[in-house]
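Derivation of every value follows stated rules applied to the coordinates shown; laboratory data play no part. Model, not experiment: these values are computed from the prediction. So basically every Cβ, Gly included, is an ideal-geometry build from the backbone, and we count neighbours across all protein chains shown.
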Amino acid sequence: MEYLNGFESFYEVLWVFVIYSFIGWCTEVAYATLDTGKFINRGFLNGPVCPIYGCGVIIVVSILTPIMHIPLLLFLGSMLFTTLLELVVGFGLEKIFHHQWWDYSMYPFNFKGYICLKFSILWGLACTFVMYVVHPFIAKMIRIFPQKIGMVILVIALIGFATDCVIAITTIFKFSKKLLYLEKVQAQLDKLSVNIGENIYENVSDVLEVPGYVKADLTERKEEYQKKRQELLLKREELMKESKVLQHRILKAFPHMKSRTHKDALEKLRELKEAMENK
């Protein structure tokens, strides 16, 4: 008796999730390597898993198994369900963390950067290939593998996955706090530039006949400005050093990530990161 269409048990569903999350991560890494020429740990989590792939295959197998004998419908259905999944996950992650993690706005026929026709077609083709070629073999291996041993491995894998989720979520919130702090420091720097300005002394001295005591006061204000500015620059540099590993992992994994609440700070962080790497 099947638990869901294409699955014999919940045990099998969990194994499919784990296996295809890993395969999806491998696919993302391979794509990024071909695109950039270097290894990038892609994905929301730190470990070698991309859960959206595992969820996608579970949805496709459970819903589309009855129409496997009609390739065109299988392809179109795969396109539809994987695209909807990507849209929901992308929108949900942005609502929770206030960042858009991927951006397809540079591709034609996209919807707010969450989805686009190019990748929808790729997902459809990939799922059709999985359903006809890959999944029958994987399902067979899951069913013939000793279940007691498989359960132990599965429990360990899921515990690791849950731990990784906690670490990743904590990391993202810390990253957001770093962006907020960087934004505040940058705002203080901008305020100093506007309100006090490095040219106060030079401009006023050149244009007006100012008594000596006023000049001395302006000189003192300029020195105070420079001291404060240096303190803020040091704070910004310390921020970069503290968050180097954190922001390096996130910004490399999601090079097109956008922040809805700290857009300027994220761009500044990218600029400072590039400057530090080029030193």
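By other beta-carbon atoms within 10 Å, ranking Tyr31, Tyr181 with the fewest at the front produces Tyr31, Tyr181. Counting charges near Ala30 (Lys, Arg +1; Asp, Glu -1) among other residues having Cβ under 14 Å from its Cβ returns a value of 0.
For the pair Lys148 and Lys263 in one chain, pulling the backbone fully straight at 0.36 nm per residue adds 36.4 nm over the alpha carbon distance. Label sites at Phe173 and Lys252, each approximated as a point 7 angstrom past Cα along Cα to Cβ, lie 2.6 nm apart.
Using θ = phi - 60° in the Karplus curve 6.51 cos²θ - 1.76 cosθ + 1.60, the 3J(HN,Hα) couplings for the range 115-131 round to 9, 8, 4, 4, 6, 4, 5, 4, 4, x, 5, 5, 5, 5, 5, 4, 5 Hz; x is entered for Gly and Pro.
Placing a pseudo-label 7 Å from each Cα along the Cα-to-Cβ vector at Leu158 and Leu180 gives an inter-label distance of 3.4 nm. Extending 7 Å from the Cα toward the beta-carbon at both Leu87 and Ile121 defines two label points whose distance is 1.9 nm. With Cα atoms as the point set, the range 10-145 shows a radius of gyration and Dmax of 15.2, 45 Å. Once the Cβ-Cβ distance of Ala187 and Tyr31 is raised to the sixth power relative to R0 = 51 Å, the FRET efficiency obtained is 0.85. For the listed peptides 47-60, 108-121, a ranking on the average number of other beta carbons within 10 Å per residue, highest first, reads 47-60, 108-121.
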